[in-house]
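Some notes on the structure that comes next.
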Amino acid sequence: MEISRSRTADFIKGLALLTMVQMVLVEYFAKPVIVNSLVGKISMFLGGPPAAPVFLAVMGYYIAHNAKSFMENIKRGIRLIALGLLVNIGRNALVLFHLTKVTAQTDTMHLLFGSDILILAGISLITMAVIIKLLKGHVLLYLSLIIIFLLLQYVVPPVEKIYPHSLFIPLIYGKYPGSFFPFIPWFAYVLAGYSFYLFKQYFVSDQFKHSQTVKIILLSLSGLMLIGSIPFGFGVTIRPILFYHHGILFFMFCINYMFWWLLSAHAIVNRVNNRVTHYLEYIGKNVTVFYIIFMILAGNLALWLHGNLNYIQLTFWFIGLLIVTSLLVWLWDSVGKNKIAV
């Protein structure tokens with residue numbers, strides 16, 4: 001069955017890619033004075049809530065929308081994990097294959113099995129396949145599961161102290177230095193996206209869905225809450241240990257942001273149809289390929305550019321890498337091999 005694409009979803013993912021790109025470039029390439037400045041912190045914030053939570057929530061939404069079989073989800077989850085390992089190999093290729101002067105003490109195994117959002121996506125998809133098999137489609141059970149899941153980190157012991165050198169536990173849980181997207185708590189966003197689809201399908205009437213007045217009221221209320229909570233969200237995001245291992249309050253902040261952004265993006269897409277929106281929708285459609293290519297390029301370039309670029313140089317590299325990555329995505333797409341898009 002052919003599933004029609006949503007321009008809004010592709011637009012959201014495309015813009016999320018841009019926020020991710022700028023944050024990675026600042027983190028990898030910028031001089032320390034920039035990273036530690038207000039500009040660096042704003043860059044980190046823009047690459048936080050508008051990026052990874054959005055990717056995962058949209059993924060959860062489309063798990064429900066596409067309604068793949070149990071085995072299809074399992075196989076796709078395994079492919080995503082394999083792609084995550086491929087990204088780890090690719091972005092550390094010069095180190096792993098001894099093509100650069102790096103100290104012999106480099107922990108190549110942790111580079112290979114480092115936490116990556118694609119690995120998280122794969123683990124999440126496999127877990128969702130099992131949960132869907134058990135819970136079927138009752139939205140209240142999924143909402144309850146989100147709460148239970150977020151509470152787990154408050155009762156699970158600090159495993160990073162018990163198993164400080166583990167390769168695989170950081171992928172699931174623990175405040176390890178290299179654990180950027182552990183399954184706990186990030187799986188909650190996949191559950192949220194899945195639950196939102198069920199709630200919209202079975203509990204929201206068509207009249208409610210298409211009422212502009214209701215949308216404006218909800219957008220305004222969500223926007224006011226977002227403005228009031230930005231200092232909190234900003235403070236968490238700029239502290240990596242808090243951001244990557246956040247709790248319920250920050251999760252609620254991200255959920256409100258995504259709800260506000262969903263309504264805003266839908267309005268933008270309905271009113272704007274130009275080259276900019278087309279570009280964002282195109283890279284959003286090819287989000288996985290774009291991510292893989294960009295991270296491989298940026299990861300290897302960081303060996304030479306790490307901590308060396310000023311504002312002007314960062315701008316040129318941002319534009320340059322965006323162009324190169326987009327062209328490579330277009331080349332991949334043009335030969336008909338873009339079969340791994342999320």
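Annotations
- Helices (runs of 4 or more DSSP H) wholly inside the stretch 8-96 containing at least 3 residues that are buried (at least 19 other Cβ atoms within 10 Å of the Cβ): 38-46, 52-66, 70-91
- Any hit, the stretch 4-19, residues being within 14 Å of residue 310 (Cα to Cα) and of a type outside the set (Gly, Ala, Ser): no
- Given (1) touching a residue at least 40 places away in the same chain (Cβ under 8 Å); (2) within 22 Å of residue 192 (Cα to Cα), number of the condition residue 19 does not satisfy: (1)
- Any hit, the stretch 169-183, residues being in contact (Cβ under 8 Å) with a residue 24 or more places away in the chain, within 30 Å of residue 42 (Cβ to Cβ), hydroxyl-bearing (Ser, Thr, Tyr) and assigned to a helix (DSSP H, G or I): no
- The helices (runs of 4 or more DSSP H) found wholly in the stretch 262-334 and carrying at least 3 residues that are within 19 Å of the chain's Cα centre (by Cα) and more than 18 Å from residue 26 (Cβ to Cβ) occupy 275-285, 287-305.
- Checking each residue in the stretch 265-312 for being polar (S, T, N, Q) and surrounded by 15 or more Cβ atoms within 10 Å (Cβ to Cβ) picks out 277, 286, 288, 300.
- Which listed residue is at pLDDT 90 or above and either surrounded by 14 or more Cβ atoms within 10 Å (Cβ to Cβ) or farther than 19 Å from residue 59 by Cα (or both), from 208, 243, 199: 243
- Qualifying residue in the stretch 109-126 (condition: at pLDDT 80 or above and part of a loop (DSSP other than H, G, I, E, B)): yes
- Any hit, the stretch 260-274, residues being over 15 Å from residue 50 (Cβ atoms) and in contact (Cβ under 8 Å) with a residue 60 or more places away in the chain: yes
- Note on the stretch 294-309: residues that are under 12 Å from residue 90 (Cα atoms) and of a type in the set (S, T, N, Q) amount to 1.
- Matching residues in the stretch 220-235 - criterion: being of a type in the set (A, V, I, L, M) and in contact (Cβ under 8 Å) with a residue 24 or more places away in the chain: 225, 226
- For residue 214, the stated conditions hold: it is farther than 30 Å from residue 71 by Cα and either out of contact with any Cys (no Cβ under 7 Å at 6 or more places or on another chain) or crowded, with 18+ Cβ neighbours inside 10 Å (or both).
The values are calculated or read from the model by the stated rules, or taken from the named source; none is laboratory data. Just so it is clear, the model here is predicted, and its values are computed rather than measured. All Cβ positions, even for glycine, are placed from backbone atoms using ideal geometry, and neighbour counts span all protein chains on display.
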